[in-house]
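The values are calculated or read from the model by the stated rules, or taken from the named source; none is laboratory data. This structure is a prediction, so every number in the text was calculated from the model and none was measured. So basically every Cβ, Gly included, is an ideal-geometry build from the backbone, and we count neighbours across all protein chains shown.
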Amino acid sequence: MSIETIIEDIKQKARKTWGGEEGERRAERVEAVIRKVLPNYAQVVGKSELEILEAIENLRTYSVVNYYQDANFPLLDDIKVYQTEDELREIVGKAGFRCPACEGVSSNPYECDAGVERDGVTCNWKAYGLFGTFGKGLRFTIVEKFMEIPKVDEIFMPVAMEQEGETA
Ligand SMILES: [Zn+2]
């Protein structure tokens with residue numbers, strides 16, 4: 001399949017979610033997201049645009065309209081890009097992660113285990129919940145794993161990176 005065939009197929013799926021003009025608007029919106037990120041992802045990851053598109057479409061488990069949104073597919077210039085998982089591990093070290101809700105230090109980057117209690121409830125904030133990390137977390141992707149897991153990940157901000165004033 002070519003890029004154009006896949007994009008047309010995705011647009012068709014978007015049109016089917018709603019009739020008439022709104023369906024067409026949705027089709028154009030998903031296409032705009034895809035066309036914006038493909039050249040950027042291909043360049044950063046070192047794969048063809050077709051390979052990238054196939055990888056992200058393969059990972060899709062829900063409606064194209066909800067999946068192909070800017071929030072899910074930021075340009076990789078706007079987030080942290082690591083070549084390997086080890087590279088990120090080294091930076092993070094053993095200092096843990098800052099929970100955006102209780103501001104305690106969690107050893108788990110996705111689920112707060114800092115043990116901070118408020119009103120008798122222990123914080124169990126999750127980086128993948130509805131409100132994410134309030135924009136205080138770390139958004140990143142790992143190049144060596146991108147074709148397998150072509151998405152942007154979001155975790156609590158590593159304490160080791162707080163000095164840099166990282167907010168991406
Ligand atoms: Zn917490």
How about the range 119-133: which of its residues are within 9 Å of the ligand (Cβ to nearest atom) and farther than 17 Å from ASP153 by Cα? THR122, CYS123, ASN124
Within the range 154-162, is even one residue assigned to a strand (DSSP E or B), modelled with pLDDT of 95 or more and out of contact with any helix residue (DSSP H, G or I) (no Cβ under 7 Å at 6 or more places or on another chain)? yes
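Each row is one residue, and each column tells you yes or no for (1) among the polar types (S, T, N, Q); (2) loosely packed, with under 12 Cβ neighbours inside 10 Å; (3) more than 19 Å from the chain's Cα centre (by Cα); (4) closer than 27 Å to LEU130 by Cα.
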| position | (1), (2), (3), (4) |
| --- | --- |
| GLU8 | no, no, yes, no |
| ARG26 | no, no, yes, yes |
| VAL37 | no, no, no, yes |
| TYR41 | no, no, no, yes |
| TYR67 | no, no, no, yes |
| ASP77 | no, yes, no, yes |
| LYS94 | no, yes, yes, no |
Test result for LYS13, over 18 Å from the mean Cα position of the chain (by Cα) and either among the aromatic types (Phe, Trp, Tyr) or under 19 Å from PHE140 (Cβ atoms) (or both): no
Residues of the range 121-138 being under 29 Å from LEU38 (Cα atoms) and exposed (fewer than 14 other Cβ atoms within 10 Å of the Cβ), in sequence order, are TYR128, GLY129, LEU130, PHE131, PHE134, GLY135
Give, as residue ranges, the helices (runs of 4 or more DSSP H) completely inside the range 34-95 that count at least 3 residues that are within 18 Å of LYS11 (Cα to Cα) and out of contact with any strand residue (DSSP E or B) (no Cβ under 6 Å at 6 or more places or on another chain). 49-59, 64-67
Check whether at least one residue in the range 139-148 is within 13 Å of the ligand (Cβ to nearest atom), surrounded by 16 or more Cβ atoms within 10 Å (Cβ to Cβ) and of a type in the set (A, V, I, L, M), and report yes or no. no
The residue from GLY135, GLY104, GLY165, GLY120 that alone is modelled with pLDDT under 95 and farther than 30 Å from ALA42 by Cα is GLY120
Residue hits (the range 99-117; over 19 Å from VAL152 (Cα atoms) and either more than 9 Å from the ligand (Cβ to nearest atom) or among the aliphatic types (A, V, I, L, M) (or both)) are ALA101, VAL105, SER107, ALA114, VAL116, GLU117
